[in-house]
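Inspection log for the structure reproduced underneath, given as structure tokens.
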Number of protein chains: 2
Amino acid sequence: MSNIIKLGFGMVETALSYNAHVGRGALSNFADEIKSLKPKAKILIICDKKVEPIYGEIVQNKLEDADFLVETYSFKEGEYSKCLDVIDDIWTNLSQRGYNRGDLIVAVGGGVVSDIACFVSATYMRGIDFAIVPTTLLSMVDACIGGKGAINMPQGKNLIGVFHQPIYVCADTRCLNTLAPAQIQNGYAELIKTSLIAKRRSFFEWLRDNAQSILDSDEVALTNAIKLSMEEKGRLVSFDPYDNQGVREILNFGHTFAHALEAIYLSKKSQIDHGLAVAEGIRFASRLSVQVCGLDIEVVKQIDKLLDRFNIGQIQDKLEEEAIYNFMKIDKKSKNLDSMIHFVLLRDIGNPLACNVDEDVLREHISAFCRSRA
Amino acid sequence: MSNIIKLGFGMVETALSYNAHVGRGALSNFADEIKSLKPKAKILIICDKKVEPIYGEIVQNKLEDADFLVETYSFKEGEYSKCLDVIDDIWTNLSQRGYNRGDLIVAVGGGVVSDIACFVSATYMRGIDFAIVPTTLLSMVDACIGGKGAINMPQGKNLIGVFHQPIYVCADTRCLNTLAPAQIQNGYAELIKTSLIAKRRSFFEWLRDNAQSILDSDEVALTNAIKLSMEEKGRLVSFDPYDNQGVREILNFGHTFAHALEAIYLSKKSQIDHGLAVAEGIRFASRLSVQVCGLDIEVVKQIDKLLDRFNIGQIQDKLEEEAIYNFMKIDKKSKNLDSMIHFVLLRDIGNPLACNVDEDVLREHISAFCRSRA
């Protein structure tokens, strides 16, 4: 199996297909790939202050060795940089330094970096090309695929954004060596989610059978996990690049509950790891699936077991029934149809279904879920 | 001939086609059209302070009569509103008022308004639908077609932008009654430009033969002129929606010189009408075409005659040779290939050609053009 994944939108757009290169040492080909795609481009690397002295410099050196003119722009790490001030400052830098439509942006980092770089690339001169070097597991299995760029507003996360596909993705698993355990877990949770909705049911089974190798950071297993996840997400995105046809929506499995949890913590000026929130969302949605669309209770147990296998625990704080319900209702991914809330559920592993769940049924389930934790 | 023009991008994207309704009284169908396209949308009208009490209110009333929930956002008229502060304020308004991806923005006004509304629509929640009610001739024949949205940066005009197609355009020629003569002339200049590059050579002949009717604001002639222009621009855009394949570039005929003139005036804190600048650009480019690609000198005379017929005069100020040359070189639409400057020229009426012009040839021509005016 090759380590190059073809991603594309051939069915719906022109010439919008690109490669993702995955694996240990993938970065060693990076400059050559960019040379073949954009031989004359001037390059701006976008990264955060934490990544800059590690992978930012490595990527800059590789590109300079290949005779590219390269500059780096970095900002303070963290979600708070996904704001208009940072975007404006990057736009100003690009224009003052004379970047034009033929040039290139390279995002080096996690999801925050690729969100910012994608938004800037889509809007500078009505669109310039960008490539992504994801450096976190979460970004490799999720954020680097799909072409979503966004910034936050005081009124909501990712409220302002665009769709703009990268021209190349280079996921070198060596970058994962410097990640903290909590960051790795964020990636595991999305990996498990994707395995549950994947058309290829064998993904779930493979993940279950290879959990220990992945936990041990075995290169072959890790590379395969990332590739399976990229392929599955890439397939869904290719059918629905603008996330308006319902296909891509199934990627939100577990996320309505997860976003409610994240919003609750945020409202208290606190924070919850995305991976932990998604894991709780998976637990909640799989239990709701039993009643709403007939998921076998045995499958719920298998899902719980897989989450446990990856050491993704449960929230220790008290779950607040009323707050969860209220934040779910305002989550942008749930559309109100009279008294129904839109939810992605599972009929079986690999068989997701977007359902409208009655508010009363949902309240009852939230209540039961919270009680089970008390 | 119907007054509905089908515009689309069927060859390159999914479901991105829309109608433009042109003619006297077109606005009377506006609310019905929106009802059929977006029956449940909440609507934000975007316009400037000058248009708001005239057409802004008319459109709002029509939509409210059709039971839509409608709000209006207006900003100070003029190019200076195409800035990030205005965009940020509209984003904030949209989110505070609870607009979501199913809602609609309606731009009512000229090119500045549609540029702003297009940019906001493309980026709010990664894209919501928008419609345009152009109220100037320039906007009807040019800005409302093509899906370009943009804002200015201190470093340049339209430096930040997007491509985002409207779902409906409604060009009611009655809106033109309130335009000042200079504004009408801006439209004439773009109309003439489009007739010169149009695949359908009869456009130029029709324009020449019907100049007096158009100047007299005859409804039938005016409607036909707008439709011919929309169709021609729509055709070019459909082949090249992202302006990166060279097809759409021919719409820049006359604009490299025009942009240099506009930049010179701007650098002196002064201003030149876009129509006048484009007319001078057409005169310059047609003369350059004689030497570079063999345009018949008789055709240049015909072009001059048509510009005169529409009473589009010449700049009275002294033309500054050196400044024109320098601004042309930095215009983003001219790509430097060694010592060549990229230019759209004419081999004949209806037969444009993108050429690389040697810098020395260009300097000589600028010099001759300026001397002819001294």
How are the Cα pair distances of the stretch A:1-104 distributed, in percent, across 10 Å bins from 0?
-> 13, 34, 39, 14, 0
Could you run the Karplus curve 6.51 cos²θ - 1.76 cosθ + 1.60 with θ = phi - 60° over the stretch A:125-134 and give me ³J(HN,Hα) per residue in whole Hz, x for Gly and Pro?
-> 6, 6, x, 10, 6, 9, 10, 10, 10, x
Can you list, shortest first and in nm, the gaps between the label point of A:GLU205 and those of its counterparts in the other copies, using a point 7 Å from Cα in the C-beta direction?
-> 7.2
Using the alpha-carbon atoms, what tilt in degrees (0 to 90, nearest 10) does helix A:359-371 show relative to the longest principal axis of chain A?
-> 90
Put a point 7 Å out from Cα along the line to Cβ at A:ILE54; what are the distances to that point in the other copies, in nm, shortest first?
-> 6.0
Under a Cβ-Cβ cut-off of 11 Å, what is the net charge of the residues other than A:ASP308 that fall near it, where Lys and Arg count +1 and Asp and Glu count -1?
-> +3
If amide H atoms are modeled at 1.01 Å from N in the peptide plane, then the residues at a separation of 5 or more from B:ASP358, or on another chain, having amide H under 5 Å from its own are B:ILE341
Cα-based shape type of the stretch B:197-315, given that a ≥ b ≥ c are square roots of the gyration tensor eigenvalues and the cut on a/c is 1.5 = rounded
Given the convex hull over the Cα atoms of the stretch A:123-173, what projected area results after averaging over all orientations, in nm²?
-> 4.1
Protection-proxy order for peptides B:342-352, B:276-286, each taking the mean of Cβ atoms within 10 Å per residue, highest first = B:276-286, B:342-352
Taking placed amide H atoms and a strict 5 Å upper bound, the residues 5 or more places from A:MET153 or on another chain that come that close are A:ASN158, A:LEU159, A:ILE160
Can you give the Rg and Dmax of the protein assembly as shown based on its C-alpha atoms, in angstrom?
-> 28.1, 90
Per-residue HN-Hα couplings for the stretch B:28-38 [Karplus 6.51, -1.76, 1.60; θ = phi - 60°; Hz; x = Gly/Pro] | 5, 9, 4, 5, 5, 4, 5, 4, 6, 8, 9
Average projected area [Cα convex hull, the stretch B:3-179], square nanometres = 9.6
Where the centroid of each part is defined by its Cα atoms, how far is the stretch A:282-297 from the stretch B:29-50 in Å?
-> 41
For the stretch A:214-249 and the stretch A:66-89, what is the separation of their C-alpha centers, rounded to whole Å?
-> 26
The stretch B:180-374: relative contact order from alpha carbon pairs under 8 Å, six or more residues apart, as a whole percent, is 25
The stretch A:17-85: relative contact order from alpha carbon pairs under 8 Å, six or more residues apart, as a whole percent, is 35
Rounded to whole Hz and in sequence order, give me ³J(HN,Hα) for the stretch B:54-68 from the Karplus expression 6.51 cos²θ - 1.76 cosθ + 1.60, θ = phi - 60°, writing x for Gly and Pro.
-> 9, 7, x, 5, 4, 5, 4, 4, 4, 6, 5, 4, 8, 6, 7
If amide H atoms are modeled at 1.01 Å from N in the peptide plane, then the residues at a separation of 5 or more from A:GLY254, or on another chain, having amide H under 5 Å from its own are A:VAL344
Working from the alpha-carbon coordinates of chain A, get Rg over Rh, Rh being the Kirkwood radius.
-> 0.96
Taking a label point 7 Å out from Cα toward Cβ, give me the nm distances from A:GLY102 to the same spot in the other copies, shortest first, one decimal.
-> 4.7
Which listed pairs, of B:LYS227/B:LYS301; A:LYS40/A:LYS233; A:LYS42/B:LYS269; B:LYS199/B:LYS301; A:LYS329/B:LYS35, have C-alpha distances above 24 Å, in listed order | B:LYS227/B:LYS301; A:LYS40/A:LYS233; A:LYS42/B:LYS269; A:LYS329/B:LYS35
Highest-MSF residue in chain A out of A:LYS318, A:LYS329, A:LYS38 [GNM, Cα springs under 10 Å] | A:LYS318
With everything on Cα atoms, drop me the angle between helix B:111-123 and the longest principal axis of chain B, reported from 0 to 90° to the nearest 10.
-> 60
Relative to the longest principal Cα axis of chain A, at what angle does helix A:274-293 sit, 0 to 90 degrees, rounded to 10?
-> 40
Which whole-number percent is the relative contact order of chain A (Cα, under 8 Å, 6+ apart)?
-> 14
When the helices in chain A are scored as -39500 (n - 2.57) per DSSP H run of 4 or longer and the sum is shared across all residues, what 222 nm value do you end up with, to the nearest 500 deg cm²/dmol?
-> -13500 deg cm²/dmol
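Here, each number is a calculation from the coordinates, and none is a lab measurement. What you are looking at is a predicted structure, and each value in this text was computed from that prediction instead of being measured. We place every Cβ from the backbone using ideal geometry, glycine too, and count neighbours over all the protein chains shown.
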